[in-house]
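Only one structure is covered here, and it is reproduced in the block below.
Where a number appears in this text, it was derived from the coordinates with a stated rule and is not lab data. This structure is a prediction, so every number in the text was calculated from the model and none was measured. Heads up, the Cβs are rebuilt from the backbone with ideal geometry, glycines too, and the neighbour counts pull from every protein chain shown.
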Amino acid sequence: MARGPIITLVSQKGGAGKSTITMQLAAGLARRGRKIEVVDLDAQASATRWAEAASEANPFPARMHRFTGEPIELPAKLTKWSNRADAVLVDCPPALDHPRTLAALNHTDLAIIPVVPSPTDLWSTRAIERIIVDLQKHRPQLKAVLLPNRVSRTALAADVIEVMHDFELPVLAAAIAQRNAYAQSAAIGGSVFDLGSAAKPAQLEILRLVSAVAKRLGELEL
Ligand SMILES: Nc1ncnc2c1ncn2[C@@H]1O[C@H](COP(=O)(O)OP(=O)(O)OP(=O)(O)O)[C@@H](O)[C@H]1O
Ligand SMILES: [Mg+2]
């Protein structure tokens with residue numbers, strides 16, 4: 001079996017949606033029959049706690065790993081997990097210069113940068129873009145995309161997303177709206193797929209995200 005791609009959620013700014021997207025994407029991929037391993041690199045342990053909120057009868061549909069060890073030990077673990085999964089999703093702490101974030105990025109196939117469409121988030125995205133583009137000079141196989149998250153139907157959000165298209169990194173055509181269902185999922189230790197038909201718009205959004213991510217990975221095949 002070929003190894004599964006390593007997909008890393010990064011942002012400089014806290015609260016952009018790294019943990020939320022990690023968990024919803026993991027659940028969406030599992031829904032599509034993929035075997036997923038989630039790696040939590042954040043000392044806040046949001047992803048770990050999220051999965052722990054699940055009931056025994058309905059566990060979170062991915063295998064969870066908390067990694068707070070030395071960055072030098074991370075590559076071997078990522079390789080091991082990616083060899084036995086269809087994809088590995090890595091949730092990072094909110095700092096791009098964190099040693100664990102950098103160690104993960106050095107082994108990442110696709111970096112997803114969630115961006116809340118607000119002017120301040122845009123400024124921090126400029127900084128993260130510079131760092132990623134720099135990394136790509138040394139590792140051209142590193143793919144990276146911006147993912148609009150918490151998108152509301154306001155003129156400001158639309159304007160900000162338009163500006164995002166001027167960035168060097170491509171904007172993934174699978175924007176995630178601001179929806180209660182995303183926050184609710186954390187409380188039940190699951191995903192929007194556990195919330196029934198009321199969460200249909202969120203479910204469709206996540207399945208669209210799954211397809212967009214698979215397309216970006218191209219020949220790496222999810
Ligand atoms: N699309 C969304 N709709 C509604 N709420 C959202 C959405 N995305 C994230 N949130 C909420 O925003 C908050 C921050 O999200 P999350 O914890 O995923 O961000 P993070 O980038 O992992 O933060 P940190 O940098 O602290 O790790 C959470 O309360 C989450 O429920
Ligand atoms: Mg987080």
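Structure values in brief
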{"read-out": "Long-range HN-HN contacts of residue 66 with modeled amide H, under 5 Å", "value": "40"}
{"read-out": "Under 5 Å, built H, 5+ apart or other chain: amide partners of residue 171", "value": "146"}
{"read-out": "Under the Karplus curve 6.51 cos²θ - 1.76 cosθ + 1.60, θ = phi - 60°, whole-Hz ³J(HN,Hα) for the range 64-77, x wherever Gly or Pro sits", "value": "9, 9, 9, 10, 10, x, 5, x, 5, 8, 6, x, 4, 5"}
{"read-out": "In Hz, Karplus ³J(HN,Hα) per residue of the range 98-104 (6.51, -1.76, 1.60; θ = phi - 60°; x = Gly, Pro)", "value": "5, x, 6, 4, 5, 4, 5"}
{"read-out": "Phi-based couplings in Hz for the range 150-156 (Karplus 6.51, -1.76, 1.60; Gly and Pro marked x)", "value": "6, 7, 10, 8, 10, 5, 4"}
{"read-out": "Given charges at Cβ of Lys, Arg, Asp, Glu: the range 142-222 dipole, positive-most of 165, 182, 213", "value": "182"}
{"read-out": "Packing rank of 26-36, 197-207, where each peptide gets the mean count of other beta carbons within 10 Å, highest leading", "value": "26-36, 197-207"}
{"read-out": "Pairs beyond 22 Å (Cα-Cα), from 35/80; 35/77; 13/80; 18/143; 13/143", "value": "13/80"}
{"read-out": "About the Cα centre, charge dipole magnitude for the range 104-222 (Lys/Arg +1, Asp/Glu -1 at Cβ), debye", "value": "140 debye"}
{"read-out": "Semi-axis lengths, Å, the range 135-175, gyration tensor of Cα atoms, sqrt of 5 times eigenvalues", "value": "25, 10, 6"}
{"read-out": "Peptides ranked, highest mean first, by Cβ atoms within 10 Å: ranges 175-183, 55-63, 132-140, 106-114", "value": "106-114, 175-183, 55-63, 132-140"}
